[in-house]
Amino acid sequence: MKNIIKIFLSLMTFSSVFAQNTAENDYYRILTLPVPESMLLEVGGITTMPNGDVAIGTRRGDVWIINNAYMNGGSAPYFRKFATGLHEILGLVYKNGAFYCTQRGELTKLIDKNGDGKADVYETVYNLPISGHYHEYTYGPKVMPDGSMIITGNVAFGDEEWWRGESRRPGRGWAMKISEDGKLEPYATGMRSPCGIGAIDGEFWYGDNQGDWMGSGFIAQVNKGDFMGHPAGLRWTGEPNSPVKLTTEQLYAKIDPRKTKDANGFYIKPENIESERGKYLFEMKKDIPELKLPAVWLPHGILGISTSEIIKDETNGAFGPFVGQLFIGDQGKSNLTRVFIEKINGEYQGAAFPFKDGFQSGTLRMVFGNDGSMFVGETNRGWGSAGTTTSGVERLVWTGKMPFEMKTLKATPDGFEIEFTKPINKATAANFKNYQIRSFIYKYQPVYGSPTVDEKFLNVKGLKISDDGMKVRLLVDGLREHYIHELKSDGVKDLDDKMLLHNTAYYTLNNIPSGEKMSNFIPRPANLKVNATATAEVKLTTPDDAKAKKMVVKAPTFEEIKPLLQKHTCLACHQTEKRMVGPAYKDVAKRGYSDTKIVELIYKPQPKNWPEYATEMAPMPQVPRADALKIATWINSLKK
């Protein structure tokens, strides 16, 4: 039997590895924990116990302790049920010999008093008011240095358009601080879907998703009294204990979201909002000092769509070369993003890098194990996510091989400094053609999401390579505070002639630091043009251009195309027959676009083609053209 188990574990590992990005897999491997066949393990919380065991809380209301989660000696892990009968656990910590978890309507303490390995005390730490709306999730807790715990409450949707957030009960759209003896203190508001939470160096961090008032996903450090941008929770700022004093009407005086309906009952853009739609968060902060800006934006559809857990690498190198950096999960894209943060002029900012794809389901919760590997708890919650399954637990292990990556990207007074994980080939690093920088931002608006706007390509005027070949400093013309700066380093190689594993970073430049500017640098050749390979503007409207090149590709079925729609986050805004944030696919098919045109509109949407929609589709340049063409042919097959 023992040999059979070893063979089974080997097959599980091979299957998981085979499905991953093979280049990434040379450095970080995903090992899938085998789960009993009868167990639907939709993980909502995960934590490591002092003895190294891993405990998980599930959306179905159980707490399991996993013995031998590391599968030492080829032995299978053992799942032991610790507690049951809870309501949608979406966070779990182990503290002073007890578990704390969030249920839908309370923060709960679970205690094993008689030592039999099962909870025999289910103690309510705090009751949370709920309306019964399905989307009123409660996340956390995260333990703070004083022993208190912070939890967050998701808003509800549905009184207006389905995606428009509402705070039907106190605490929805808020972060709340709860003492061990059960006293609640409102902490901050302006949150929409605050599943992404973390306690980093004694500070509370939060991440949100694209949606109404949220142009894209992001993470931010949150202090008491901060307003994060979404107005739903402002409904309760008149309460005596509210640390936020901003009112709904004060915000609406700057951007008024109130709308009128069209003949079909859908909300349309009012005339008076057109001038307001160009406002950005950093502009609003001038009038609303409580407004907290993102520390790091996570470009929507590129790095993620559903921001989740925020953890810090404190493994002292057991997880690889990124000690002290943050890792962010994403429920929709089933991936991990790596974030380097720094503090400039008292504000956090930093760079986000792609890190790891290929997980079997939505990466909702993560924790480091005692050996420095990362355990990832997963669920797609029925919404769908990239991957092959609905849920599970996987373990991410560093192989010990050093990946060639941009380790950090730091702001300088006149540009950026890239630090690499390995020495670079200086000839490739000195080639200006190997760098492209563009800056862009998102709108702050009450409709769903935002396209990237105000895009500019910046000139790298000079560069300087460190003597040890570990750093390149770039002199950049046209830096813009509060904008996202995308840096592509195509063509830079290491001493083994290998390309970067991931060649793109996204730096959120809240402040340009002061200090000494670069001297004795290599100047850019005078005749070298700025590399500005933006997606070409699509000039055609509907109907499609009769001269468009026809691509003949067999149309896939929905079941065949569904994995691509999930992978590229299309299903977050579109359904086959029903109007959502965007038009139904059948309605797109009726427009008569060619397959080629649909592909181009994926890369460069034309909102003027759909004036009846209050929101604008974001460009999706990250979708491979082969995938875009398959999606386009499937859409057009719906005409038949």
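The values are calculated or read from the model by the stated rules, or taken from the named source; none is laboratory data. Keep in mind that what you see is a predicted model, and the values were worked out from it rather than measured. As a convention, Cβ positions derive from the backbone with ideal geometry for all residues, glycine included, and neighbour counts pool all protein chains shown. The accessibility values were calculated without ligands, DNA or RNA, using every heavy atom of the protein model including side chains. Shrake-Rupley method; radii C 1.70, N 1.55, O 1.52, S 1.80 Å.
What percent do you get for the relative contact order of the chain when only Cα pairs under 8 Å and 6+ apart count?
11 percent.
Filter the trypsin sites (Lys or Arg not before Pro) in region 415-501 to those in DSSP coil with at most 14 other Cβ atoms within 10 Å of their Cβ, and list the result.
Numbers: sites: Lys426, Lys433, Arg438, Lys443, Lys456, Lys461, Lys464, Lys471, Arg473, Arg480, Lys488, Lys493, Lys498; in loops: Lys443, Arg480, Lys498.
Qualifying residues, ordered by number: Lys498.
Search the structure for amide H atoms under 5 Å from the amide H of Gly44, placed 1.01 Å from N in the peptide plane, and list their residues when 5 or more places away or on another chain.
Gly57, Thr58, Arg59
At what distance in angstrom do the alpha carbon centres of region 441-502 and region 567-606 lie from each other?
Each part's Cα centre sits 30 Å from the other's.
If each Cα of region 52-169 is one equal point scatterer, what is log10 of I(q)/I(0) from the Debye formula at q = 0.11, 0.12, 0.19, 0.20 Å⁻¹?
Ignoring solvent entirely, the Cα scatterers give -0.43, -0.51, -1.01, -1.07.
Can you send over the carbon and sulfur percentage of the accessible area for region 95-190, probe radius 1.4 Å, protein chains only?
On the way: 1650 of 3650 Å².
Carbon and sulfur atoms account for 45 percent of the accessible area of region 95-190.
Suppose we look only past 19 Å in the calculated P(r) of region 379-524. What percent of the Cα-Cα pairs does that tail hold?
Details: 6349 of 10585 pairs.
Looking at region 379-524, the distances longer than 19 Å represent 60 percent of pairs.
What is the Rg over Rh value, at two decimals, for region 297-395, using alpha-carbon atoms and the Kirkwood definition of Rh?
Numbers: Rg = 13.6 Å, Rh = 13.8 Å.
Reported Rg/Rh (Cα atoms, Kirkwood Rh): 0.99.
With every protein chain kept in the model, how would you rank Glu106, Glu37, Glu283, Glu486 by accessible area, 1.4 Å probe, largest at the top?
Details: Glu106 30, Glu37 185, Glu283 70, Glu486 10 Å².
Result, largest first: Glu37, Glu283, Glu106, Glu486.
What is the calculated FRET efficiency for His135 to Met470, with r their C-beta to C-beta distance and R₀ = 56 Å, to the nearest 0.05? Walk me through the numbers on the way to the answer.
Details: r = 47 Å, r/R0 = 0.84.
The computed FRET efficiency comes out at 0.75.
Semi-axes of the equivalent ellipsoid for region 338-390, please: Cα gyration tensor eigenvalues, times 5, square-rooted, ordered largest first, whole Å.
On the way: eigenvalues 155, 48, 21 Å².
For region 338-390, the ellipsoid semi-axes come out as 28, 15, 10 Å.
Counting only C-alpha contacts under 8 Å and six or more residues apart, can you give the relative contact order of region 422-529 as a whole percent?
On the way: 187 pairs, mean separation 32.7, N = 108.
Normalised by residue count, the contact order of region 422-529 is 30 percent.
Tell me which residues come under 5 Å, amide H to amide H, from Gly217 once H is placed; ignore anything under 5 positions away on its chain.
Placed amide hydrogens put Gln210, Leu298, His300 under 5 Å from Gly217.
Just the number, please: carbon plus sulfur as a percent of the accessible area of region 373-438, 1.4 Å probe, no ligands or DNA/RNA counted.
Details: 1030 of 2010 Å².
C and S atoms contribute 51 percent here.
Compute the length gained on full extension between Ser38 and Lys517: take 0.36 nm times their separation in residues and subtract their Cα-Cα distance, giving the result in nm to one decimal.
On the way: separation 479, 0.36 × 479 = 172.44 nm, distance 6.23 nm.
Extra length available between Ser38 and Lys517 comes to 166.2 nm.
Please compute the modelled spin-label separation between Asp116 and Glu347, points set 7 Å along Cα→Cβ, answer in nm with one decimal.
Reported label-point gap for Glu347 and Asp116 is 5.7 nm.
Would region 161-224 count as rounded, prolate or oblate if I go by the C-alpha gyration tensor, calling it rounded below 1.5 in a/c and otherwise prolate when a/b exceeds b/c, oblate otherwise? Can you show the working numbers first?
Values: a/c = 2.93, a/b = 1.34, b/c = 2.19.
Oblate is the answer for region 161-224, as a/c is 1.5 or above yet b/c matches or exceeds a/b.
Using each residue's phi in region 625-637, evaluate 6.51 cos²θ - 1.76 cosθ + 1.60 at θ = phi - 60° and report the 3J(HN,Hα) Karplus result to the nearest Hz, with x for Gly and Pro.
4, 4, 5, 4, 5, 4, 4, 4, 5, 5, 4, 5, 5
From the phi angles alone, apply the Karplus equation (6.51, -1.76, 1.60; θ = phi - 60°) to region 48-55 and give each ³J(HN,Hα) in whole Hz, x where the residue is Gly or Pro.
Computed from phi, the couplings for region 48-55 are 9, 8, x, 7, x, 4, 10, 10 Hz.
Between Val125 and residues 5 or more places away or on another chain, which pairs have amide H atoms under 5 Å apart, with H built 1.01 Å from N, and which residues are they?
Here Leu107, Thr108, Lys109 satisfy the definition.
Using the heavy atoms of the protein chains and a 1.4 angstrom probe, tell me the accessible area per residue for region 28-132 in square angstrom.
Values: 4270 Å² over 105 residues.
Per-residue value: 41 Å².
Please work out whether the chain counts as rounded, prolate or oblate from its C-alpha gyration tensor, where a ≥ b ≥ c are the square roots of the eigenvalues and a/c under 1.5 means rounded, while otherwise a/b larger than b/c means prolate and anything else oblate?
Working: a/c = 1.30, a/b = 1.15, b/c = 1.13.
It is rounded, given that a/c, with a ≥ b ≥ c, falls under 1.5.
Can you list the HN-Hα couplings for region 429-435, worked out from phi with the Karplus curve (6.51, -1.76, 1.60; θ = phi - 60°), rounded to whole Hz and with x for Gly and Pro?
With coefficients 6.51, -1.76 and 1.60, one gets 6, 8, 8, 4, 5, 8, 10 Hz.
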